[in-house]
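Single-structure report; data block below.
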Amino acid sequence: MLLVVAVAVITAFTLIPVGFVGWFVMATGPDALGQLLFRPRIGELLTNTVLLILIAVPLCVSVGVGGAWLVERTTLPLRRVWSVLQVVPLAIPAFVVSYAWASTVPAFGGLAGGVLIAVLAYSGLVYLPALATLRRLDPALEDVARSLGHSNARVFWTVVIPQLRYAISGGALLVGLHLLAEYGAFAQIRFETFTTAIVVQYSSAFAGPVANAMGAIVAVLALLMLTTDSLARGRVKFARTGSGAPLPAQRTVLAPLAGVLLTVALALYASLSVAVPTATTGRWLLGGPWWDQRWLGDALVTTVILAVSGAAVTSAVALVLAWLGVRYPGRATRVLESANFVASSFPSIIVALALVTVTLRVLPVAYQTVFTVLAAYLILFLPRAVVSIRSGLAQAPPIREEASRTLGQSPVRTLLRVTAPAIMPSVLAGAALAGIGMASELTATLLLAPNGTRTLATEFWSASTSVQYVDAAPYAVLLTVISIPAVALMYRQARKRTA
């Protein structure tokens, strides 16, 4: 009961932006709302946003799962190299990737450009959980299927893929929610989605009815994705509870030609996602006296402090949500869990304005403080931590906890000695993933942080939107550099095997 109350309180807090939009929508009235929504402009934005999601999400899943399977379950040459290169793009913020392509190819943009940026920047959100799950699967089921005469392809589709359900659905959900809420990456290449249009509307008319109406559409799209994720996960359990340690998985032997073609494909992906942004920022970095940047040191320190603090708070809250969703599944718990994901799909400017309104009316002392910044980070990046921790809990068999309590251990000792070691890799990975997003968050930080606060993201955006690419380059480089430890941590945890 206490757990349910805690989740209900968390849910009420994270739904503040939803209530903010809903209040404005109701104040607008159905007739005026219909006039705002049923316009060609809304249809164009809806088409762009839906096509982006329908095309980019499956591509990210294909690239992420396919890449994880190649490096983990095949004889692909240089597997360790490709394994690392597929996770490196997570260290490069999406708007930095977009900045690199836009400054290199000025005509780059449109739906094709948006899909490419999405695949390059977000495939790692599927790759890492898929890699972690593949390394922790007991290959006994695959061996049995092969002994019954099934081909490697059939084993992959009928045995391996079903066991990757949590990783695939969770990764796809994260990608979809990010695409709904992404502003900087698509604004750089002039590709219009609901989020870019909402930011423009809010910039021209504070909390205007058009922007709130579009925010309501974003919420509906998020609910559709959450429903799809819930149906895709189902109720199947994947925890291994047998005795002994699983044997190493049998690798699929690739034909020489297939090995060459797949190596070329991975090299192309690494070139587009890593080499182009790195070379572009490096070129601009060498183009001027970046060491004269006045706020570089202050922005770096502030970014690290906010990201680490936000990641710690978010991972603690996510553990509570994931525990309820995995240990006590049911319709009510899924509703609560899904509700916490809705607000994260909103553009950060809506979340920020909602918190501004609430703090000014309810808790003025919290206005423009670190508290409101961390609150916004919690709402925006909670799904990153929840998905990671949820996957870890799904593979931690509750029978071990029951055995511990049967032997007289208290719930607290059981949590610390049995459950915590099993799920700690997922908790750390979720915290790292959330921290990366917080380090590169832009709009909410600008609106909610105390006056004079500068982060790497805000300084980068200020320079890049003024076409001062030389000035923007050092901030882009530092954003990538500080993300590398977090990505390395996630990669290390993903590669750990469980006994």
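Could you go through the range 344-357 and let me know if any residue there is free of Cβ contacts under 8 Å to residues at least 40 places away in the same chain and either open to solvent by less than 10 Å² (accessible area, probe 1.4 Å) or of a type in the set (Gly, Ala, Ser) (or both). No, there is no match, as no residue in the range 344-357 is free of Cβ contacts under 8 Å to residues at least 40 places away in the same chain and either open to solvent by less than 10 Å² (accessible area, probe 1.4 Å) or of a type in the set (Gly, Ala, Ser) (or both). Taking the criterion of being crowded, with 17+ Cβ neighbours inside 10 Å and either of a type in the set (D, E, K, R) or touching a Gly at 6+ places or on another chain (Cβ under 7 Å) (or both), the residues of the range 31-60 that qualify are Leu52, Ile53, Val57. Before we move on, is Leu90 in a helix (DSSP H, G or I), of a type in the set (A, V, I, L, M) and within 15 Å of Ala270 (Cα to Cα)? Yes.
Can you confirm whether the range 150-162 contains a residue that is of a type in the set (D, E, K, R), at pLDDT below 85 and either in contact with a Leu (Cβ under 9 Å, 6 or more places away or on another chain) or open to solvent by less than 10 Å² (accessible area, probe 1.4 Å) (or both)? No, that holds for no residue.
If the condition is being within 20 Å of the chain's Cα centre (by Cα) and among the polar types (S, T, N, Q), then the range 92-112 contributes only Ser98. Residues in the range 93-120 that are in a loop (DSSP other than H, G, I, E, B), in contact (Cβ under 8 Å) with a residue 40 or more places away in the chain and surrounded by fewer than 24 Cβ atoms within 10 Å (Cβ to Cβ): Phe108, Gly109. Residues in the range 125-139 that are at pLDDT below 80 and either open to solvent by less than 10 Å² (accessible area, probe 1.4 Å) or part of a loop (DSSP other than H, G, I, E, B) (or both): Leu137, Asp138, Pro139.
Condition test on Val71, is it open to solvent by 20 Å² or more (accessible area, probe 1.4 Å) and assigned to a helix (DSSP H, G or I)? Taking the combined requirement at face value, the residue does not satisfy it.
Yes or no, residue by residue, for (1) touching a helix residue (DSSP H, G or I) at 6+ places or on another chain (Cβ under 9 Å); (2) within 28 Å of Asn48 (Cβ to Cβ):
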residue: Val97; (1), (2): yes, yes
residue: Ala118; (1), (2): yes, yes
residue: Arg135; (1), (2): yes, no
residue: Ser147; (1), (2): no, no
residue: His150; (1), (2): yes, no
residue: Ala153; (1), (2): no, no
residue: Trp157; (1), (2): no, no
residue: Leu164; (1), (2): yes, no
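Considered as a group, the residues in the range 360-373 that are open to solvent by 10 Å² or more (accessible area, probe 1.4 Å), β-branched (Val, Ile, Thr) and part of a helix (DSSP H, G or I) include one that is nearest to Ala216 (Cα to Cα), and that residue is Val362.
The values are calculated or read from the model by the stated rules, or taken from the named source; none is laboratory data. Keep in mind it's a predicted model, so treat the numbers as computed, not measured. Glycine also receives a Cβ, built like all others from the backbone with ideal geometry; neighbour counts cover every protein chain displayed. Side chains included, ligands, DNA and RNA excluded: accessible areas come from the protein's heavy atoms. Shrake-Rupley method; radii C 1.70, N 1.55, O 1.52, S 1.80 Å.
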